[in-house]
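The values are calculated or read from the model by the stated rules, or taken from the named source; none is laboratory data. Being a predicted model, the structure only gives us computed values, none of them experimental. Quick reminder, even Gly has a Cβ in these numbers, built from the backbone with ideal geometry, and neighbours come from all protein chains shown. The accessibility values were calculated without ligands, DNA or RNA, using every heavy atom of the protein model including side chains. Shrake-Rupley method; radii C 1.70, N 1.55, O 1.52, S 1.80 Å.
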Amino acid sequence: ADKVKVGVFPVSSALPYFVALERGYFKEQNIDAEMVKLMGAPPIVQGMLTGDLDAGANLVTVDGMNADTKKDGLVYYMSLYGQNKFAQMEQFVAKPGLDAKTVKDFKGKTLKIMSAPGAGNMAMARAVLGAVGMKEGTDYTLTELAMNLHVDAMKAGTFDAGYTLEPNGTVMNKTGAAHTVEAGVVSKYIIGRENAYAFMAGGAITGKFMKERPEVARRFSAAWRKALKDIEQDPTTRELLKGNTFTPADLVMTIPLPRMLMIDQLSAQDKKDFQKVIDFTTESGVLKQKVDTAKYLVVLDKKAAS
Amino acid sequence: MNAVLSFASARLGRLRPVLGVVLLVFVWWLATVMELADPVLLPPPQEALKALVDGLVSGPLLFDFWQTIYRTVLSFAIASAIAIPLGVILGAAEKLYRSVEFVIDFFRSTPASAVFPLFLVLFGVGDRTKIAVAAFGAVLVILFNVAYGVMNARKTRVLAAKVMGAGRWRVLIDVYFWESLPQTFIGMRNGISLSLVIVVVAEMFIGSTDGIGHRLIEAQMLFEMPTMYAAIFAAGALGYGMNWVFLTIEKTFVHWGGK
Amino acid sequence: MNAVLSFASARLGRLRPVLGVVLLVFVWWLATVMELADPVLLPPPQEALKALVDGLVSGPLLFDFWQTIYRTVLSFAIASAIAIPLGVILGAAEKLYRSVEFVIDFFRSTPASAVFPLFLVLFGVGDRTKIAVAAFGAVLVILFNVAYGVMNARKTRVLAAKVMGAGRWRVLIDVYFWESLPQTFIGMRNGISLSLVIVVVAEMFIGSTDGIGHRLIEAQMLFEMPTMYAAIFAAGALGYGMNWVFLTIEKTFVHWGGK
Amino acid sequence: MFGGSRAAVRLVQDGTAMTMAGEPDHRWFPPGTHITVRGLSKQFNGTVIYENFDLDLPRGKVVSVFGPNGCGKSTIINMIAGLIPLDKGDVLFDGKTIDETRIGYVFQNYREALFPWLRAIDNIHYPLKLMGLSKRAREERVAKLLTRFDVRIDFHRYPYELSGGQQQTVSILRSLVMEPEVLFLDEPFSALDYEMTLFMRDQMQKAFMETNTTMVIVSHDLEEAVYLADYVLLLTRRPTRIADYVEVPLPRPRSAETLSDPKFVEIKSHCLDVFRREAKL
Amino acid sequence: MFGGSRAAVRLVQDGTAMTMAGEPDHRWFPPGTHITVRGLSKQFNGTVIYENFDLDLPRGKVVSVFGPNGCGKSTIINMIAGLIPLDKGDVLFDGKTIDETRIGYVFQNYREALFPWLRAIDNIHYPLKLMGLSKRAREERVAKLLTRFDVRIDFHRYPYELSGGQQQTVSILRSLVMEPEVLFLDEPFSALDYEMTLFMRDQMQKAFMETNTTMVIVSHDLEEAVYLADYVLLLTRRPTRIADYVEVPLPRPRSAETLSDPKFVEIKSHCLDVFRREAKL
Ligand SMILES: Nc1ncnc2c1ncn2[C@@H]1O[C@H](COP(=O)(O)OP(=O)(O)OP(=O)(O)O)[C@@H](O)[C@H]1O
Ligand SMILES: Nc1ncnc2c1ncn2[C@@H]1O[C@H](COP(=O)(O)OP(=O)(O)OP(=O)(O)O)[C@@H](O)[C@H]1O
Ligand SMILES: [Mg+2]
Ligand SMILES: [Mg+2]
């Protein structure tokens, strides 16, 4: 079997990896997948750069594109995971007692807000708050905080509100540390359409893997496709979140999942929306240059299949 | 009568460390009873204890525990093997030590989390990186302590060996090594604790499928506070345990301290 | 002739730490020239140097630098004020020390990142938490070193003071304190490095808008490796600088080591 | 003369216990005794050094302790001065407790007894500081002492910059400056040069005659021991007993002539005999 | 007799330099010299101890060094033994380099010179280990030594468990066991008891006569210094010069009778005169 080393950030969006593995789709394709659990995008990109990893189960797209600006052709996406108010991922939360239905209701209150870490997340949070007419410094302060401290901080009442990601949102709602005010804010405030998908993460593979072992990459992609299909159609796949990812066992059936699509399943609008999100990060100075996202979206298994 | 008393005091001597545990748990318990913090954030010790026992008996914590011990001990062993001889040599050649002091103090003052990327480059994303970073950190503090132990060695003893015809190497092995031994043990206790800290941090932030650090970050993400405190307690107790081993060795071995 | 020579050697003595810097940068440069790692991951030193200079001159790094220094020095000062007297007292009462040793070794072996949640609850998310965690960490290692310095004190000197009529407190202040001073300096150098490490880690992980750690994590997440290495270099050099201060004080102050 | 010495021994060895009700351990001791040791036992790692040892040290007298190496001379004065614990027994100070008594002590291990972080002069100041004297008072007293002991040492050096003999001299001066009530000297002249030893002996005698300090001095120089002493305490090998407790009833001040006084020679040779008999290699 | 001694001095002080081309520093020294010191200078923190000091130590002879405290006795033998650096000057060993010479050394600071991590017996073994002897050879040699020096010390104790005198004894034994070619003894008997001192002196003399070791011995006991010596080196106060270098042409073995030999008494009193003159307080 061909060995493929996959970097996995153990949150809910890593589910395709576990489905493909547990349901034998890798084996079907004669692929011996090896998981390397890594905390977040930076070490995954590192692993790809050093050649330790061939793929990433759920690599944040901003980081992937950023990596491509540092070393062109390092990261390609074979699937993207879209999030919006239905497929909740990023969201604003508020402490109990703070009455707000949408982010707009934050206006008029001076708030201490925490944010998911990283320049990308900070930029998004700022943009959203700016879009509702709030000014940093006068209307709110924004503090970057490591993801593992989000629930604690809200529970301790250190902040009035926060821009956070799953599974923190669900955990906060469940434990009463905070409640969700509005999810899918990137779609609404940055792309401009509530129903648009914000493709913030995806299944990635390295350019090197693609070039040096195209045949294996094709089979890997095919397995991935099957896993995505299962997730779309079969809710029992969610059982695999349990234990494998940072998902509370009692919430596996209800925790929101992003919409997971292979690249060929994206519509033209989806691709434009994706480009828009990436452009936004360039404009806000996170990415140092403009990126043509189309270059890094690949379909590996269709041509051979058709 | 006297025998009974001295027996009792010996018993107390044995039990003294337990006093520390009791103290710690008591303060913790008091804090929860006085509700200094939200009980969800700081659960009472008994809950954490339950999580600890559950984790050890039927859960994955026991395995995590072993994994962390394995990584810590391995990295510490590597570190000691490098740092003790090197520390003796550098300490004896003070000028040489001053030349490399910058490098030592530099990296001693750099957080492990900052050099993860560098080590990821050198050692890949697996266990090796964790062990290497931990060993690297421990090397620095052990080296530092051993070298200082050597520099503060009693000069008469060194001269005595020299005049009896001991060459440079013999003096290093026969005198400097022994003279610095009390300090070396301090360094090793610093080193083993640091190894443990770095291994746990690496398990937390580089990512791992097992280990106390993994359990810790998982508990934090899932907001299972009793489990998190159980993991912290496991790490701390492990650290004490390893220190205790060195303390015991030191007590039987380094009998001449201050004499 | 001789004068020239001794002058040259004195100059070399001053320059010796610089040798360390040169060595470090040279190894780094060599590694990049030999392309041991992808140049994106390990940029050549001149690029990092450029990022460092840019950051210091026109960028935010200088301000970050000061912020980190401020936090580190403050936390270290608090730690010393607590740990040195306490260490002397506990070291002199060995039985008492053994009772609290568990707590000390326990927390010495627990990563700062693991106790962040606890401190977050107690001190909020601002500077206070960072300073408190760093001070806490430094207290433990300074205390540990001071106490050991006291335990290894030369007994005759203690007896001499006692027989001259020094009470318990005078012995602590007049003998144990001085006897442990060489070890105390080792502890303080450990402590200042640890303070710095924890402050940087805290700046990395708990909300900060400035400080070397903030700069570091930002660069790390965006893969701006020259900036990251510049930040690491700033942290390390800062650590060395602070160690150097203590080294210098120690050299003029603790003149009797090993005599 | 030896009657006197034997009597001193008998006081301790044969003394009939004037037992107070329920206090059988406190045997009778003669009036004028400053320090009384009763039933003292001491072991080191199972080796018995002292077993049920009794001793009286008379007030305002000089007692020389003479005995073979390792018999426990340093140990006993350490125990009397309260520096190391006894296994059993009592040390009683007449009138005051040991903490109330001003004690001077010159350690056999003089090198480690000085504080290396203080200059020689500050080492001498130190006991006066402990006594709570003002700076002026201290300086006066030290100046007086240094004028009297006009030794050529640079007192502004640190102890480790001094030669062995100089360190010992500083150590002696430190013990004298506080004008102690009890002075323990453990081989105090072992590192001093010929001239200095003679000088110190005489200064010691002078100081003693002026202040009537109770002094215990350990010496391996028999001539010195007898010359300085009112009583010579001769100790046996371990387990240590009193071989003899010889009175030296020679008038003070003693001088070079004393050394040829037939009484002096007689006492000296008696002590040597006892020592030879008890301390055979 | 004093002619001899003066001659010895003259050799050094007046010795006309047999200057080899460009080597003006190596002055002539008499045949039979083992160790030659030429033009030695030493300062400590600006205090001059020695300035352009010359000295010859004859091969196979015992030289006693006698001088006031702090004059630099320990310093000079430390420098000769290569333990502390000279500021200027040379120390020449006849025939071999210092590293090739087997040196025995008893430190004045005997307490710190033993290794506390080794038992007394292992401390004695240590120099033999350095010489590369097998365990059996070492044990034989140590056994021989201990039979000869039949002292009652528990050699299985650690040094810090021994009394001062016992530590010094172990220190002496350690220096003898290696049968050194040159033996430096810095106040080696200062802590020994009366009997032990006499015993050690005689053993020292015996060992010397058997092996013809070159010996340098520092002592503050003039009787001892003259008794043991072939030459007595009398030093002045700092800056240190040679006050006299007295030959002691008494036959060996010397014994208790030697002490009353008129020649002995004469030499002793000459030395004392010189010392008194040069070393006034
Ligand atoms: N810390 C210790 N542990 C074990 N034994 C000890 C210790 N201290 C002293 N001893 C033993 O106790 C005995 C008495 O020691 P002490 O130092 O009192 O002798 P001393 O009479 O002063 O001898 P010296 O004339 O050599 O100074 C010695 O035999 C020594 O071995
Ligand atoms: N490390 C040092 N620093 C400064 N001065 C020193 C040092 N060591 C020795 N001296 C000085 O050098 C002089 C000679 O010291 P040394 O120990 O050789 O004397 P000594 O003749 O052996 O005296 P003693 O008979 O007291 O042992 C002394 O005056 C001493 O103060
Ligand atoms: Mg003694
Ligand atoms: Mg000397």
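Data for the structure
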item: Which numbered condition B:Tyr70 fails, given (1) without any contact (Cβ under 8 Å) to a residue 24 or more places away in the chain; (2) open to solvent by 30 Å² or more (accessible area, probe 1.4 Å); (3) farther than 26 Å from B:Ile198 by Cα; (4) in a helix (DSSP H, G or I); result: (3)
item: Test: residue in region B:33-42 that is more than 30 Å from B:Thr129 (Cα to Cα) and more than 14 Å from chain C (Cβ to nearest Cβ); result: yes
item: Subset of region D:54-71 (residues that are within 15 Å of ligand 1 (Cβ to nearest atom) and open to solvent by 10 Å² or more (accessible area, probe 1.4 Å)); result: D:Asn69, D:Gly70
item: Selected residue [within 28 Å of D:Leu185 (Cβ to Cβ) and within 16 Å of ligand 4 (Cβ to nearest atom)] from E:Glu223, E:Glu195, E:Glu187; result: E:Glu187
item: Test: residue in region D:89-108 that is of a type in the set (Asp, Glu), in contact with a Ser or Thr (Cβ under 8 Å, 6 or more places away or on another chain), within 16 Å of ligand 3 (Cβ to nearest atom) and open to solvent by 10 Å² or more (accessible area, probe 1.4 Å); result: no
item: Test: residue in region C:46-55 that is in a helix (DSSP H, G or I), at pLDDT 85 or above, of a type in the set (Val, Ile, Thr) and buried (at least 16 other Cβ atoms within 10 Å of the Cβ); result: no
item: Residue within region B:99-111 that is assigned to a helix (DSSP H, G or I) and within 18 Å of the chain's Cα centre (by Cα) present; result: yes
item: Failed item in (1) in a helix (DSSP H, G or I); (2) surrounded by fewer than 24 Cβ atoms within 10 Å (Cβ to Cβ), with A:Asn66 passing the rest; result: (2)
item: Filtered residues of region E:182-238 (kept if of a type in the set (Val, Ile, Thr) and within 16 Å of ligand 1 (Cβ to nearest atom)); result: E:Thr197
item: Region B:133-162 - residue that is more than 11 Å from chain C (Cβ to nearest Cβ) and more than 26 Å from C:Ile142 (Cα to Cα) and, of those, surrounded by the most Cβ atoms within 10 Å (Cβ to Cβ); result: B:Ala160
item: All positions within region C:89-101 that are touching a Gly at 6+ places or on another chain (Cβ under 9 Å) and open to solvent by 10 Å² or more (accessible area, probe 1.4 Å); result: C:Lys95, C:Arg98, C:Ser99, C:Val100
item: Boolean, D:Ile103 is away from ligand 4 (no atom under 16 Å from the Cβ) and within 24 Å of E:Arg238 (Cβ to Cβ); result: no
item: Residues (part of a loop (DSSP other than H, G, I, E, B) and either crowded, with 24+ Cβ neighbours inside 10 Å or touching a residue at least 40 places away in the same chain (Cβ under 8 Å) (or both)) located in region B:187-216; result: B:Ile206, B:Gly207, B:Ser208, B:Asp210, B:Gly211
item: Qualifying positions in region E:237-281 - within 16 Å of ligand 2 (Cβ to nearest atom), in contact with a strand residue (DSSP E or B) (Cβ under 7 Å, 6 or more places away or on another chain) and away from chain D (no Cβ under 12 Å); result: E:Pro239, E:Ile242, E:Ala243
item: Filtered residue count, region B:57-67, keeping only those that are free of Cβ contacts under 8 Å to residues at least 40 places away in the same chain and farther than 30 Å from B:Leu140 by Cβ; result: 4
item: One residue from B:Ala48, B:Ala81, B:Ala92 being closer than 21 Å to B:Val197 by Cα and touching a helix residue (DSSP H, G or I) at 6+ places or on another chain (Cβ under 9 Å); result: B:Ala48
item: Candidate set: region E:227-281, residues that are small (Gly, Ala, Ser) and not in a loop (DSSP other than H, G, I, E, B); chosen: the one nearest to E:Ile76 (Cα to Cα); result: E:Ala243
item: Test: residue in region C:246-258 that is under 27 Å from C:Asp127 (Cα atoms) and in contact with a helix residue (DSSP H, G or I) (Cβ under 9 Å, 6 or more places away or on another chain); result: yes
item: Members of region B:160-200 that are at pLDDT below 90 and closer than 27 Å to C:Asn190 by Cβ; result: none
item: Yes/no for E:Met200 being over 21 Å from E:Asn69 (Cα atoms), more than 16 Å from ligand 3 (Cβ to nearest atom) and modelled with pLDDT under 90; result: no
item: Elements of type helices (runs of 4 or more DSSP H) in region B:113-178, at least 3 residues being of a type in the set (A, V, I, L, M); result: B:127-151, B:155-163
item: Every pair of residues 6+ apart whose Cβ atoms lie under 6 Å, when the first sits in region D:235-255 and is surrounded by 18 or more Cβ atoms within 10 Å (Cβ to Cβ) while the second is of a type in the set (D, E, K, R) and part of a loop (DSSP other than H, G, I, E, B); result: D:Val248/D:Asp230
item: Qualifying residue in region E:222-244 (condition: away from ligand 3 (no atom under 16 Å from the Cβ) and closer than 22 Å to E:Met178 by Cα); result: yes
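Condition check ((1) within 11 Å of chain C (Cβ to nearest Cβ); (2) in a helix (DSSP H, G or I); (3) at pLDDT below 90) across all residues:
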position	(1), (2), (3)
B:Phe223	yes, no, yes
B:Ala235	yes, yes, no
B:Gly241	yes, yes, no
B:Phe246	yes, yes, no
B:His255	no, no, yes
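For every residue, the table says whether it meets (1) within 12 Å of chain D (Cβ to nearest Cβ); (2) surrounded by 23 or more Cβ atoms within 10 Å (Cβ to Cβ); (3) among the hydrophobic types (A, V, I, L, M, F, W, C).
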position: E:Ser175; (1), (2), (3): no, yes, no
position: E:Glu181; (1), (2), (3): no, no, no
position: E:Phe189; (1), (2), (3): yes, yes, yes
position: E:Lys206; (1), (2), (3): no, no, no
position: E:Asp221; (1), (2), (3): yes, no, no
